[in-house]
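Visitor: Structure provided below as structure tokens; questions to follow.
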2 protein chains.
Amino acid sequence: MDAIIQKRLGNKELESKVVSADVAAALLSDGDVVGMSGFTRAGDAKVVPMALVERAKNEKFQIDVYTGASLGPEVDKYLAEAGVIRKRGPFQADAGIRNQINAGNVMYVDAHLSHNAELVRQGIIGPIKYAIIEAAAITEDGYIIPTTSVGNSPIFAQYAENIIIELNISHPESLIGIHDIYVPGEQGKRDVIPMTKPNQRLGEIGIKVDPAKIKAIVISEEPDAPSMIVPPDEETQTMANILLDFFRSEIKAGRLTNTLAPIQSGVGSVANAVLDGFADSEFEHLFVYSEVLQDAVFNLIDAGKVDFASAASITLSEELQKRVFGNMEHYADKLCLRPQEISNHPELIRRLGLISINTALELDIYGNVNSTHVSGTKMMNGIGGSGDFARNARLGIFVTKSYAKGGAISSIVPMVSHVDHTEHDVDVIVTEQGIADLRGLAPKERVPLIIENCAHPDYKEQLWDYYNRAVEATGNQQTPHILEEALSWHVNLAKNKTMKKEIAKA
Amino acid sequence: MDAIIQKRLGNKELESKVVSADVAAALLSDGDVVGMSGFTRAGDAKVVPMALVERAKNEKFQIDVYTGASLGPEVDKYLAEAGVIRKRGPFQADAGIRNQINAGNVMYVDAHLSHNAELVRQGIIGPIKYAIIEAAAITEDGYIIPTTSVGNSPIFAQYAENIIIELNISHPESLIGIHDIYVPGEQGKRDVIPMTKPNQRLGEIGIKVDPAKIKAIVISEEPDAPSMIVPPDEETQTMANILLDFFRSEIKAGRLTNTLAPIQSGVGSVANAVLDGFADSEFEHLFVYSEVLQDAVFNLIDAGKVDFASAASITLSEELQKRVFGNMEHYADKLCLRPQEISNHPELIRRLGLISINTALELDIYGNVNSTHVSGTKMMNGIGGSGDFARNARLGIFVTKSYAKGGAISSIVPMVSHVDHTEHDVDVIVTEQGIADLRGLAPKERVPLIIENCAHPDYKEQLWDYYNRAVEATGNQQTPHILEEALSWHVNLAKNKTMKKEIAKA
């Protein structure tokens, strides 16, 4: 056996379990519920899924796939397109599986990322036949060392009947030690989670399992699929500046200090761009307490702005992958990867008082946010951790450009076509047009801020027209709407490819 | 001074602060932000508000009123109707103020009941000029002993510039000792909340304040307005039985034991009736961890079913008021009243693993719940604590009758007209027709359970017709809808006084 493999396989009894991906893939049966490692394309098993894709060419079988969050193309494109996935949760972000979901071929359970572990404990998800977990190493005393994400791997490993390990030797050995595996006990019997600072370690460096459960070990050298982030543009830069000015005004109001509060920033280009904005700011000694660490966080660590970053995964562009994973020693004492029920736990989000920044797909004049469904019916990605964070954060901020499709779509509509974050959970909205601070405001007090500060100028008049007529029609009720018309912007878009309409002037 | 008053006023320096209600009411100025005690008509100040109503007959002034939750008629009817309330949060349940809200005369900030304390800390609510707090006593060492609720009183007292006490001597002295006042510190600097059992005490018996902040003490003998609960009927009894059977099946599945898990039950008749159903059940040694304790909880204590009950308030019918408050010694060691940020804290709800039972106004075929807005526009009561509980509970259960207005309204609609609880937060739905266990299901998997098990038979065909056409129209996307029609049931109701329509048969 290869020296590098021997080194990574500290537990020598397990050497006999090393098999090819095909042999491992053959262990699964039609109907199995499978828990897989991986969170936002990081730390997912790759070669076993591709062996499953091969197997599916000659055999019809389906499995339910639960993960940390979105996976790379091996599962969320190729395995999905091979028709192998019957059910999928709790998050995805790949056009491959998205198309299968929206054609009714995959049942997709879009869920809060902190919730899945509880459902596994209760047996609502499960019984889990196999956990398939990418590992950087297995230690002599039997700890599975995850790679670039922790996600739901600990709870899957604990509850799965069998475990398949993908030992990925392309990940640097220096990943060992950056994970902090702490798994709460059963609800009602568990203790407090003893964390009061984002850089506190609670648990162990790996996932302790009964070695007898490990049925196969497959060697892999496949790197994580790089993140598909797009670079900041002028508008995201504007949004970042607006947000930085908002933080300055919060400091002036005595609500924050120059070190702000631990920052969570959601998946995606806009949230990443907003974080990038901190690089040239006066803020310092920042902490990140997030679910995913994207490029911007490492740029901020390099710039000396971020002292410590905690999350459930590291998802980087190809360039940053090289810089970070080739130089892990430099970052190791500034990083911690945790299970997602810890990174996303309401208990910790509220206690630590996070500043939470997530992306909205659309929002309405009263501050309800749609994060998931295009025109109310077509799944985009999923809610991810945005609900965990927004409701419990000190500041629940949503960012979006005010328009899409070259202006044919207004991101601000009379009524969102699907609600993921209710009016009760949205504190602040930022678009490239401006900011609406909704804290403490009644629905009708939010309207002028959202329309005047955040909507695209092309749509302001149309929004005011709807609102004013709704006030009139309802006699100025709590939340004025004209139900016949509330979703008409989306209907117009479907029919005429635009949300713009001629407004009948009074 | 009256002997009973002297006894309740342990701090003798405060005797000089005793004034009439008129004098106290004259302290407030136009534009003041006022924090008031009271939660679900319990423990609210009564005589100072009525003096404000008198004052408003000769003077135009307005104040912002924040409370624990809904108050009795003194504030939420008379003061609102006198035009004194400019803004109100976070909950109300009185037709008086509801009409003012829906006429645009009162700005109403409907909010999660656990959130207000954080907003006070941040100064978003505030600066609070006066806290007006009903007390059963003030101890020698300066603790304000609340009465039948704790609500937000501790945080209001802490942050208010001035305090007015309504010393209500009609409440039994035996209330002293049932409160547990624990107030978390600032977010980011606070410690863990060290509670792992519902009957654990964390804090002190009263609210410690600087006596210099107490500007007036008004003596009151006004009892709490009794709860307006209606007795169980055949249908709520059926719902209770369905729920008890569900708990039995959960025990069989190994997810619960015969003592279940700490139970939260929302405000209102249906939730109360459901709890009543436990009286003749085999379940025992139950714990209640709720925001309000209604009649049913005390019946269950008397029946030896409930070992301990924790909440932020006690709201009883006239009959139960006599039985309980006339005999408080009997209940004192089985009770604890806490601040609402503790009774409703996500940290504790998740840790304790509550069973949460709340009332829905309407819900849709995908499991989204509207708790607040009649036909999307008219505020009913508010979300209250239902969001705090449902999202974080072990079991987030929503109960509603399947129909209203003699059948003209179906509580189950294609798309709810307002969303308070998203599809991600609703575990189980119970109507008098049956139960839908939605845990772990994708939207389209939920549809048959909700329609077949929970909808009223009069509406099943109409719901299926909508759904089937929506599947067809969207090509079976994640969440099929026909946006032109999604809210048409509410439109039909407004126009034709019924949600029923003729279905064009295919």
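Visitor: Just checking, how many residues over the stretch A:142-173 are outside any loop (DSSP other than H, G, I, E, B) and either modelled with pLDDT of 95 or more or assigned by the TED database to the domain that holds A:Asn344 (or both)?
Guide: 20
Visitor: Conditions first: (1) modelled with pLDDT under 95; (2) among the polar types (S, T, N, Q); (3) under 26 Å from B:Ile124 (Cα atoms). A:Ser269 passes all but one, so which condition is the exception?
Guide: Answer for A:Ser269: the failing condition is (3).
Visitor: Kindly indicate the residue of the stretch B:388-414 that is surrounded by fewer than 24 Cβ atoms within 10 Å (Cβ to Cβ) and among the basic types (Lys, Arg) and also farthest from the chain's Cα centre (by Cα) among those meeting that condition.
Guide: Filtering the stretch B:388-414 for residues that are surrounded by fewer than 24 Cβ atoms within 10 Å (Cβ to Cβ) and among the basic types (Lys, Arg), the one farthest from the chain's Cα centre (by Cα) comes out as B:Lys405.
Visitor: Ok, one more. Of everything in the stretch A:90-110, what is more than 23 Å from B:Leu395 (Cβ to Cβ), hydrophobic (A, V, I, L, M, F, W, C) and facing chain B (nearest Cβ under 10 Å)? Give them in sequence order.
Guide: Scanning the stretch A:90-110 gives A:Ile101, A:Ala103, A:Val106.
Visitor: May I ask you to list the residues in the stretch A:415-435 that are within 14 Å of chain B (Cβ to nearest Cβ) and more than 24 Å from the chain's Cα centre (by Cα)?
Guide: Looking only at the stretch A:415-435, we keep the residues that are within 14 Å of chain B (Cβ to nearest Cβ), and these are A:415-428.
Selection gives A:Met415 alone.
Visitor: Can you name the number of the only condition in (1) without any contact (Cβ under 8 Å) to a residue 40 or more places away in the chain; (2) more than 9 Å from chain A (Cβ to nearest Cβ); (3) within 33 Å of the chain's Cα centre (by Cα); (4) surrounded by 17 or more Cβ atoms within 10 Å (Cβ to Cβ) that B:Tyr459 fails?
Guide: It fails just one condition, (1).
Visitor: In the stretch A:469-487, which residues are within 7 Å of chain B (Cβ to nearest Cβ) and in a loop (DSSP other than H, G, I, E, B)?
Guide: Within the stretch A:469-487, the first condition is being within 7 Å of chain B (Cβ to nearest Cβ), and the residues that meet it are A:474-481, A:483-484, A:486-487.
Within the stretch A:469-487, A:Gly475, A:Asn476, A:Gln477, A:Gln478, A:Thr479, A:Pro480, A:His481, A:Leu483, A:Glu484, A:Ala486, A:Leu487 meet the criteria.
Visitor: Looking at the stretch A:221-234, is at least one residue polar (S, T, N, Q), in contact (Cβ under 8 Å) with a residue 60 or more places away in the chain and under 20 Å from A:Gly68 (Cα atoms)? Steps first, answer last, please.
Guide: First, pick out the residues of the stretch A:221-234 that are polar (S, T, N, Q): A:227.
Now narrow it down to the ones that are in contact (Cβ under 8 Å) with a residue 60 or more places away in the chain: A:227.
Among the residues that remain, those that are also under 20 Å from A:Gly68 (Cα atoms) are: A:227.
Looking for residues that are polar (S, T, N, Q), in contact (Cβ under 8 Å) with a residue 60 or more places away in the chain and under 20 Å from A:Gly68 (Cα atoms), one finds at least one in the stretch A:221-234, hence yes.
Visitor: OK, next. Could you tell me which of the residues B:Leu441, B:Leu449, B:Leu463 is over 14 Å from B:Lys401 (Cβ atoms), among the aliphatic types (A, V, I, L, M) and outside any helix (DSSP H, G or I)? So that I can check it myself, show each step before the final result.
Guide: Details: B:Leu449 fails: outside any helix (DSSP H, G or I); B:Leu463 fails: outside any helix (DSSP H, G or I).
After ruling out the rest, the residue left standing is B:Leu441.
Visitor: Name the strands (runs of 3 or more DSSP E) wholly within the stretch B:332-386 that hold at least 3 residues that are under 14 Å from the mean Cα position of the chain (by Cα)?
Guide: Details: elements: B:335-337, B:355-359, B:362-364.
Answer list for the stretch B:332-386: B:355-359.
Visitor: Scan the stretch A:285-304 for residues that are crowded, with 21+ Cβ neighbours inside 10 Å, touching an Asp or Glu at 6+ places or on another chain (Cβ under 7 Å) and outside any strand (DSSP E or B) and jot them down.
Guide: Going through the stretch A:285-304, the residues crowded, with 21+ Cβ neighbours inside 10 Å turn out to be A:286-298, A:300-301.
From the residues that got through so far, the ones that are touching an Asp or Glu at 6+ places or on another chain (Cβ under 7 Å) too are A:286-287, A:296.
Hit for the stretch A:285-304 is A:Ala296, nothing else.
Visitor: Looking at (1) away from every other protein chain (no Cβ under 11 Å); (2) hydrophobic (A, V, I, L, M, F, W, C); (3) touching a helix residue (DSSP H, G or I) at 6+ places or on another chain (Cβ under 8 Å); (4) part of a loop (DSSP other than H, G, I, E, B), which is the one condition that is false for A:Leu113?
Guide: With respect to (1) away from every other protein chain (no Cβ under 11 Å); (2) hydrophobic (A, V, I, L, M, F, W, C); (3) touching a helix residue (DSSP H, G or I) at 6+ places or on another chain (Cβ under 8 Å); (4) part of a loop (DSSP other than H, G, I, E, B), A:Leu113 is out only on (1).
Visitor: Then there's this: So for the stretch A:384-400 (the condition being under 23 Å from A:Gly277 (Cα atoms), charged (D, E, K, R) and more than 9 Å from every other protein chain (Cβ to nearest Cβ)), does at least one residue qualify? Quick ask: steps written out before the conclusion?
Guide: As a first pass, look at the stretch A:384-400 and keep what is under 23 Å from A:Gly277 (Cα atoms): A:385-386, A:389-390, A:393-400.
With the extra rule that they be charged (D, E, K, R), the set shrinks to A:394.
Next, from what is left, pick out any that are more than 9 Å from every other protein chain (Cβ to nearest Cβ): none.
No, every residue in the stretch A:384-400 fails to be under 23 Å from A:Gly277 (Cα atoms), charged (D, E, K, R) and more than 9 Å from every other protein chain (Cβ to nearest Cβ).
Visitor: Same structure again: Which of the residues belonging to the stretch A:77-89 are touching a residue at least 24 places away in the same chain (Cβ under 8 Å) and more than 9 Å from chain B (Cβ to nearest Cβ)? Explain how you work it out, then say what you get.
Guide: Applying the first criterion (touching a residue at least 24 places away in the same chain (Cβ under 8 Å)) to the stretch A:77-89 yields A:78-80, A:82-84, A:86, A:88-89.
Residues satisfying the conditions are A:Tyr78, A:Leu79, A:Ala80, A:Ala82, A:Gly83, A:Val84, A:Arg86.
Visitor: When you look at A:Glu15, is it touching a Leu at 6+ places or on another chain (Cβ under 7 Å) and surrounded by fewer than 22 Cβ atoms within 10 Å (Cβ to Cβ), yes or no? Spell out the reasoning first.
Guide: Working: touching a Leu at 6+ places or on another chain (Cβ under 7 Å): yes; surrounded by fewer than 22 Cβ atoms within 10 Å (Cβ to Cβ): yes.
The answer is yes for A:Glu15.
Visitor: With surrounded by fewer than 24 Cβ atoms within 10 Å (Cβ to Cβ) and part of a strand (DSSP E or B) as the only criterion, which of B:Arg86, B:Arg55 stands out?
Guide: Answer to the check: B:Arg86.
Visitor: Can you say whether A:Gln92 is touching a strand residue (DSSP E or B) at 6+ places or on another chain (Cβ under 8 Å), in the same structural domain as A:Asn152 (by the TED database) and free of Cβ contacts under 8 Å to residues at least 60 places away in the same chain, as far as the supplied structure shows? Give the steps one after another, and end with the answer.
Guide: Values: touching a strand residue (DSSP E or B) at 6+ places or on another chain (Cβ under 8 Å): yes; in the same structural domain as A:Asn152 (by the TED database): yes; free of Cβ contacts under 8 Å to residues at least 60 places away in the same chain: no.
In short, no.
Visitor: Another question about this same structure. Mind counting the residues in the stretch A:58-83 that are acidic (Asp, Glu) and assigned to a loop (DSSP other than H, G, I, E, B)?
Guide: Of the residues in the stretch A:58-83, the ones acidic (Asp, Glu) are A:59, A:64, A:74, A:76, A:81.
Next, only the ones that are assigned to a loop (DSSP other than H, G, I, E, B) stay: A:59.
Number of matching residues: 1.
Visitor: If a residue must be in contact (Cβ under 8 Å) with a residue 24 or more places away in the chain and away from every other protein chain (no Cβ under 14 Å), how many such residues does the stretch A:437-452 contain?
Guide: Of the residues in the stretch A:437-452, 2 are in contact (Cβ under 8 Å) with a residue 24 or more places away in the chain and away from every other protein chain (no Cβ under 14 Å).
Visitor: Provide a single number: the residues in the stretch A:188-203 that are surrounded by fewer than 19 Cβ atoms within 10 Å (Cβ to Cβ) and either touching a Lys or Arg at 6+ places or on another chain (Cβ under 9 Å) or within 26 Å of A:His285 (Cα to Cα) (or both).
Guide: Looking only at the stretch A:188-203, we keep the residues that are surrounded by fewer than 19 Cβ atoms within 10 Å (Cβ to Cβ), and these are A:189-192, A:194, A:196-197, A:199-203.
If we keep only those that are either touching a Lys or Arg at 6+ places or on another chain (Cβ under 9 Å) or within 26 Å of A:His285 (Cα to Cα) (or both) as well, we get A:190-192, A:194, A:196-197, A:199-203.
Of the residues in that region, 11 qualify.
Visitor: Would you say A:Ser317 is surrounded by fewer than 24 Cβ atoms within 10 Å (Cβ to Cβ) and either closer than 22 Å to A:Ala111 by Cβ or under 18 Å from the mean Cα position of the chain (by Cα) (or both)?
Guide: Numbers: surrounded by fewer than 24 Cβ atoms within 10 Å (Cβ to Cβ): yes; either closer than 22 Å to A:Ala111 by Cβ or under 18 Å from the mean Cα position of the chain (by Cα) (or both): yes.
Spelling it out, A:Ser317 is indeed surrounded by fewer than 24 Cβ atoms within 10 Å (Cβ to Cβ) and either closer than 22 Å to A:Ala111 by Cβ or under 18 Å from the mean Cα position of the chain (by Cα) (or both).
Visitor: Out of the residues in the stretch B:488-502 that are at pLDDT 95 or above and not in a helix (DSSP H, G or I), state the one that is nearest to the other protein chains (Cβ to nearest Cβ).
Guide: Let us first name the residues in the stretch B:488-502 that are at pLDDT 95 or above, namely B:488-500.
So of that shortlist, the ones also not in a helix (DSSP H, G or I) come out as B:497-500.
Working: B:Lys497: 15, B:Thr498: 15, B:Met499: 12, B:Lys500: 17 Å.
Among those that are at pLDDT 95 or above and not in a helix (DSSP H, G or I), it is B:Met499.
Visitor: For the stretch B:206-222, name all the residues that are under 26 Å from the mean Cα position of the chain (by Cα) and surrounded by fewer than 16 Cβ atoms within 10 Å (Cβ to Cβ).
Guide: B:Glu221
Visitor: Please work out if B:Asn105 is without any contact (Cβ under 8 Å) to a residue 12 or more places away in the chain, surrounded by fewer than 18 Cβ atoms within 10 Å (Cβ to Cβ) and part of a loop (DSSP other than H, G, I, E, B).
Guide: It is false that B:Asn105 is without any contact (Cβ under 8 Å) to a residue 12 or more places away in the chain, surrounded by fewer than 18 Cβ atoms within 10 Å (Cβ to Cβ) and part of a loop (DSSP other than H, G, I, E, B).
Visitor: Of the conditions (1) farther than 27 Å from B:Arg446 by Cβ; (2) under 16 Å from the mean Cα position of the chain (by Cα); (3) β-branched (Val, Ile, Thr), A:Thr40 clears all except one; give me its number.
Guide: Unmet for A:Thr40, out of (1) farther than 27 Å from B:Arg446 by Cβ; (2) under 16 Å from the mean Cα position of the chain (by Cα); (3) β-branched (Val, Ile, Thr): (1).
The values are calculated or read from the model by the stated rules, or taken from the named source; none is laboratory data. Values in this document were obtained by computation on a predicted structure and should not be read as measured data. Virtual Cβ from ideal backbone geometry, glycine too; neighbours counted across all protein chains shown.
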